[in-house]
Amino acid sequence: MGLDVAVREQAELGEGPTWDPATGRLIWVDILSARVHTYDPVSGHRTVMATEQHVGAAKPRAGGGLVVNLRDGIGLYAPDGAFRWLVHDPEPGRRGNDAAVAPDGALWAGTMRYNEAETGGSLARIAPDGTVTPVLPVVACSNGIGWSPDGRLMYYIDTPTRRIDVFDFDGRRALNRRPFATVEEGAGFPDGLTVDADGCVWVALWDGGALRRYTAGGALDRTVALPVRRPTACAFGGADLRDLYISTARTGLAAPHPLSGSLLVLPGAGQGMPGTAFAG
């Protein structure tokens with residue numbers, strides 16, 4: 001697989017690549033610059049939208065527009081750019097982080113503390129009507145979330161644990177949490193993840209300069225070395241969902257690689273699964 005540069009950028013904290021089949025664009029965010037980016041791989045066209053707060057994730061809505069995990073809660077952008085809060089729940093020192101849309105169209109949204117306190121984050125399910133159901137009320141840095149091809153398993157990362165955990169998933173609830181895989185000391189920290197059509201879990205390693213793919217049984221079967229130290233997340237995109245896009249960060253690095261902060265791509269890396277748009 002030959003690594004390529006999809007978008008040359010200097011994002012402080014690029015995160016959360018997500019393919020939007022309705023528009024044929026990849027959506028990703030720069031959390032600390034409060035920007036939502038889109039990229040059309042066919043035309044090369046890009047857009048950048050500023051948000052009024054740090055934005056941890058942006059996902060497509062079923063009727064067009066975006067749902068965003070902001071510092072103070074969950075917001076909705078209409079297709080014309082109009083904004084409203086779906087859940088407004090500000091807490092000093094806390095911000096939204098990674099999020100994902102479940103097969104039923106609900107948003108699973110994580111938070112973390114700016115000071116990265118070990119008990120300052122959480123994970124919650126946000127129904128399309130804005131009903132909030134706490135899932136994990138105490139985590140450190142809530143990160144990658146994804147589902148198995150049959151929807152019966154949910155994968156989850158709380159980054160400082162160095163683990164990818166797996167839950168049984170009944171369509172609405174995550175049950176029976178247990179370790180799926182552990183990233184050893186010195187290899188970086190697990191950050192964002194995506195699940196491919198074979199049920200394998202791809203994980204970006206913050207401070208590890210690599211992606212890993214784990215089989216559905218939890219065995220490491222592929223490592224992709226990257227030129228940047230801080231990859232943050234990955235997602236399949238393109239019309240056939242075969243290209244793996246990788247967001248990266250430059251924040252906190254005294255001498256970042258020239259590609260740190262860019263959106264990278266591994267063409268033909270595997271076969272992704274169609275995502276679900278937020279139903280709200």
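The values are calculated or read from the model by the stated rules, or taken from the named source; none is laboratory data. It should be emphasised that the depicted structure is a prediction, and the values quoted were computed from it without experimental measurement. Positions of Cβ are generated from backbone atoms using ideal geometry, with glycine treated the same way; all protein chains shown enter the neighbour counts. With ligands, DNA and RNA removed, areas are computed over all heavy atoms of the protein, side chains included. Shrake-Rupley method; radii C 1.70, N 1.55, O 1.52, S 1.80 Å.
Descriptive notes on the structure:
- Cα gyration tensor category, rounded, prolate or oblate, for the chain with a/c compared to 1.5: rounded
- Residues in the stretch 82-185 average 46 Å² of solvent-accessible surface per residue, probe 1.4 Å, ligands and nucleic acids excluded.
- Between the stretch 30-99 and the stretch 200-223, the Cα center-to-center distance that results, in Å: 27 Å
- Tensor-based shape of the stretch 71-184 (alpha-carbon gyration tensor, a/c under 1.5 rounded, otherwise prolate or oblate): oblate
- Calculated log₁₀ intensity ratio I(q)/I(0) where the Debye formula runs over C-alpha points of the stretch 136-280, q = 0.09 Å⁻¹: -0.26
- With all protein chains modelled, accessible area of Phe83 [1.4 Å, Å²]: 80 Å²
- Of the residues Ala99, Ala249, Ala197, the one that moves most in a GNM of the chain with alpha-carbon contacts below 10 Å is Ala197.
- Percent accessible area from carbon and sulfur atoms, the stretch 123-267, protein chains only, probe 1.4 Å: 51 percent
- For Phe180, nonlocal amide neighbours, meaning residues 5 or more places apart or on other chains whose placed amide H falls under 5 Å from its own, are Ile164, Asp165, Val166.
- The H on the amide N of Gly73, modeled in the peptide plane, is under 5 Å from the matching H of Asp89, Gly96, each at least 5 residues off or on a different chain.
- Summed side-chain charge close to Pro149 - residues other than Pro149 whose Cβ falls under 11 Å, Lys, Arg +1, Asp, Glu -1: -2
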